[in-house]
Amino acid sequence: MNISKEVKLVRLSLIIAVIVSTAGLMVLFTQFSYDDSGITIMSSFGEITIFDPKQPSFLENNMYHNSELSFQLSKPNDKWDIRVASETIRTEELAYLKSKGYVDGIYLDKDSDRRFLVSVFDVQSKNFQLENYISKQIDMMNSEEIKIPIKRISKSNDWAIVSFDSEKNTDDSFSEQLLFLKDNKLYMIQYSGKSPENLTELEKSDFNSILNSFEVI
């Protein structure tokens with residue numbers, strides 16, 4: 001084999017190697033990377049970013065990743081506990097919820113104080129609209145003179161955030177829901193407790209970090 005032919009073969013081998021390597025990297029990137037575009041919105045506890053899931057890491061002990069229910073979130077620290085919601089609901093109540101499409105969820109609490117509830121529902125209507133869902137909740141609560149500090153619903157009907165405030169200085173005067181609609185399932189993380197005005201800066205920071213970490217995957 002002459003030198004010119006050897007050079008051509010080497011060049012061809014290098015080109016093939018580059019193509020194969022690039023294709024391999026593209027496959028890996030497609031399989032293991034996440035969309036990091038995100039959308040920044042305001043919750044009652046501060047700015048959060050949605051549609052920005054982080055890849056689970058065994059180094060992050062406080063991340064909870066539920067592949068069965070397709071969501072993830074992070075605990076602020078080890079003082080927070082996660083419990084499967086269906087294990088704490090009475091049998092008859094669970095049967096009723098499941099008849100409404102309830103799949104399951106978790107409680108996220110600190111010192112046995114249930115502050116966050118994540119719920120997943122099968123959407124039983126082909127034309128389910130977050131606008132209608134939230135409007136029904138508001139109509140039910142208006143008789144109690146509830147204020148709505150935040151109400152934002154995406155035009156694409158895939159996410160929404162709404163808060164309810166009774167303006168009372170009690171431990172259950174305020175709630176906020178962050179909702180996602182994906183693959184015919186409704187995902188909701190709901191805070192229940194004191195209004196932001198009656199929380200410490202540390203509490204608001206913890207609650208904001210939980211909402212900020214919640215992602216449908």
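Computed from backbone phi with θ = phi - 60° and the Karplus coefficients 6.51, -1.76 and 1.60, the 3J(HN,Hα) list for region 97-107 is 4, 5, 5, 9, x, 5, 9, 4, x, 9, 9 Hz; x is used for glycine and proline. A Förster distance of 35 Å, applied to the separation of the beta-carbon atoms of Asn61 and Asp158, puts the FRET efficiency at 0.70. Per-atom-type breakdown for region 56-216 gives carbon and sulfur 45% of the accessible area (1.4 Å probe, protein chains only).
Near Asp206: Cβ cut-off under 13 Å, other residues only, Lys/Arg at +1 and Asp/Glu at -1. The net charge is 0. All other residues whose Cβ lies under 14 angstrom from that of Phe45 are scored, Lys and Arg at +1 and Asp and Glu at -1, for a net of -4.
Each residue of region 156-173 is assigned a 3J(HN,Hα), and the resulting list reads 7, 6, 10, 7, 7, 9, 8, 10, 10, 10, 7, 6, 10, 8, 10, 6, 9, 8 Hz, derived from the Karplus form 6.51 cos²θ - 1.76 cosθ + 1.60 (θ = phi - 60°), x at Gly and Pro. To the nearest 10, the accessible area of Glu93 is 80 Å² with a 1.4 Å probe.
Solvent exposure of region 56-216, expressed per residue, is 57 Å² of accessible area, with all protein chains present and a 1.4 angstrom probe. For the residues Tyr64, Tyr107, a 1.4 Å probe over the protein chains yields an accessible-area ranking, largest first, of Tyr64, Tyr107. Heavy-atom accessible area for Met63, with the other protein chains in place and a 1.4 Å probe, reaches approximately 40 Å².
Close amide-amide hydrogen proximity is noted between Phe71 and Asn66, Ile217, each under 5 Å apart and 5 or more residues distant or on a separate chain (H modeled in the peptide plane; Pro and chain starts excluded). The largest accessible area among Arg83, Arg115 belongs to the first residue in Arg83, Arg115, and the rest follow in falling order (1.4 Å probe, all chains).
The values are calculated or read from the model by the stated rules, or taken from the named source; none is laboratory data. Since we're looking at a predicted model, the values are computed, not measured. Counting neighbours? That spans all protein chains shown, and the Cβs are built from the backbone with ideal geometry, glycine included. Areas reflect the complete protein model, heavy atoms only, side chains present, ligands, DNA and RNA absent. Shrake-Rupley method; radii C 1.70, N 1.55, O 1.52, S 1.80 Å.
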